[in-house]
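Structure record follows, encoded as structure tokens.
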Amino acid sequence: MDILTTKNLCKTYGKGEIKVEAVKNVSFSVAKGQFVAIVGPSGSGKSTLLHLLGALDTPTSGKVFLDGKDIFIMKEKELSVFRRRNIGFIFQA
Ligand SMILES: Nc1ncnc2c1ncn2[C@@H]1O[C@H](COP(=O)(O)OP(=O)(O)O)[C@@H](O)[C@H]1O
Ligand SMILES: [Mg+2]
């Protein structure tokens, strides 16, 4: 059973000449109980991806399903409660 699924997840910062496609068409699934590490060089989009998975930031497009629930169709208040009850996040800083 998949606890986490992303579909065509994208996060773009800025526009025009300063546009940065930090996360581009990311699709993957994580099974319940599975441990996953995201590895890549500095600036490759790891933090941006984690912020999207943890519902701390919203994607430009694409979806995140946690335990089968499409988290970004929730209203901010509902999402706050979901985040508090279901997600743990340790910030790099
Ligand atoms: N808030 C932001 N505004 C504009 N660009 C950003 C922002 N956050 C990250 N970026 C850019 O997005 C890219 C990915 O950054 P980041 O997700 O922090 O990568 P990593 O965690 O792998 O080092 C980098 O080019 C970074 O400069
Ligand atoms: Mg980072």
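Derivation of every value follows stated rules applied to the coordinates shown; laboratory data play no part. Predicted model, so just to flag it, every value in this text is computed and none were measured. Every residue, glycine as well, gets a Cβ built from its backbone with ideal geometry; the counts of neighbours run over all protein chains shown.
For region 1-47, chymotrypsin sites (Phe, Trp or Tyr not before Pro) meeting the loop criterion (DSSP other than H, G, I, E, B) and having at most 12 other Cβ atoms within 10 Å: Phe35.
Under the shape rule built on the C-alpha gyration tensor, where the axes satisfy a ≥ b ≥ c, region 2-86 is oblate, since a/c reaches at least 1.5 while a/b does not exceed b/c. Each stretch of four or more DSSP H residues adds -39500 (n - 2.57); spread over every residue of the chain, this sum gives -6000 deg cm²/dmol at 222 nm. With 25 Å as the limit, the listed pairs Lys24/Lys69; Lys19/Lys75; Lys11/Lys75; Lys15/Lys69; Lys32/Lys69 have Lys19/Lys75; Lys15/Lys69 beyond it between alpha carbons. Treating r as the C-beta distance of Gln92 and Phe35 and R0 as 25 Å, the FRET efficiency rounds to 0.85.
Residue by residue, region 10-19 carries 3J(HN,Hα) couplings of 9, 9, 10, 9, x, 8, x, 5, 9, 5 Hz when phi is fed to the Karplus relation 6.51 cos²θ - 1.76 cosθ + 1.60 (θ = phi - 60°); x denotes Gly or Pro.
For region 1-44, the list of trypsin sites (Lys or Arg not before Pro) that fall in a loop by DSSP and count at most 13 other C-beta atoms within 10 angstrom reads Lys15, Lys19, Lys32.
A Cβ-based charge dipole, computed about the Cα centre of the chain with Lys and Arg at +1 and Asp and Glu at -1, lands at about 120 debye.
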